[in-house]
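Here's the structure we're looking at; comments come further down.
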Amino acid sequence: GARHRVEVRNFPWGSGVGQKRDTPPFELCGDQWLLRLYPGGFSEGSRGHVGVFVCYAGRRVPLTVSYSVTVVGRDGSALRRLGFAGKTFERKGQGRGWDVFVRRDELRKACPDGDFSFVVEMQA
């Protein structure tokens, strides 16, 4: 497997529901990916949580991978880790993940300055 760390600085705590923020693309397993974050919640039903989706940014579709995402505080502690086995991405831009990845208040309490990172681990 391969892993990539995505650094987040000044997380936009004031974002509204449905407002997305894409990370710059990164390479894993010989392909391009990015994280799509919903700091204010993916939808009304998940507004108390940060949504996190792994998005395919490459061209080799369909592509099946297993992956996990861990949110890590500045002190190195893992706050939340979720994963999927054998998910297929069928088009560029498709995202797969969690609308309720981590509670906003929990993340804000652990990282009030909005600086933390996501570690993406992937196996093709």
Note to self: Looking at segment 35-50, can you tell me whether even one residue there is modelled with pLDDT under 95 and closer than 22 Å to Gly1 by Cβ?
What the structure shows: no
Checklist line | Residue within segment 66-77 that is without any contact (Cβ under 8 Å) to a residue 12 or more places away in the chain and under 17 Å from Val6 (Cα atoms) present | finding: yes
Note to self: Go through segment 21-44 and report how many residues are over 12 Å from the mean Cα position of the chain (by Cα) and closer than 15 Å to Arg60 by Cα.
What the structure shows: 6
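Could you name every one of the strands (runs of 3 or more DSSP E) located completely within segment 11-92 that has at least 2 residues being in contact with a Lys or Arg (Cβ under 8 Å, 6 or more places away or on another chain) and among the aromatic types (Phe, Trp, Tyr)? Can you show your working first?
On the way: elements: 26-28, 31-38, 49-56, 63-72, 78-89.
In segment 11-92, 49-56, 78-89 are the strands (runs of 3 or more DSSP E) which contain 2 or more residues that are in contact with a Lys or Arg (Cβ under 8 Å, 6 or more places away or on another chain) and among the aromatic types (Phe, Trp, Tyr).
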Check: Which numbered condition trips up Ser66, out of (1) more than 12 Å from the chain's Cα centre (by Cα); (2) over 20 Å from Glu121 (Cβ atoms); (3) at pLDDT 95 or above; (4) not aromatic (Phe, Trp, Tyr)?
Finding: (2)
Next item on the list: Write out, first by first residue and then by second, each pair whose Cβ atoms fall under 9 Å of each other, whose residues are 6+ apart or on separate chains, and whose first residue, in segment 88-105, is touching a residue at least 24 places away in the same chain (Cβ under 8 Å) and farther than 13 Å from Val52 by Cα while the second is charged (D, E, K, R) and surrounded by fewer than 18 Cβ atoms within 10 Å (Cβ to Cβ).
Entry: Thr88/Arg96; Phe89/Arg96; Lys92/Arg59
Check: Quick one: which of Arg91, Arg74, Arg103 is under 25 Å from Val17 (Cβ atoms) and of a type in the set (Lys, Arg)?
Finding: Arg103
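The values are calculated or read from the model by the stated rules, or taken from the named source; none is laboratory data. Given the structure is predicted, the values throughout are model-derived calculations rather than measurements. Note: ideal-geometry Cβ built from the backbone for every residue, glycine included; neighbour counts use all protein chains shown.
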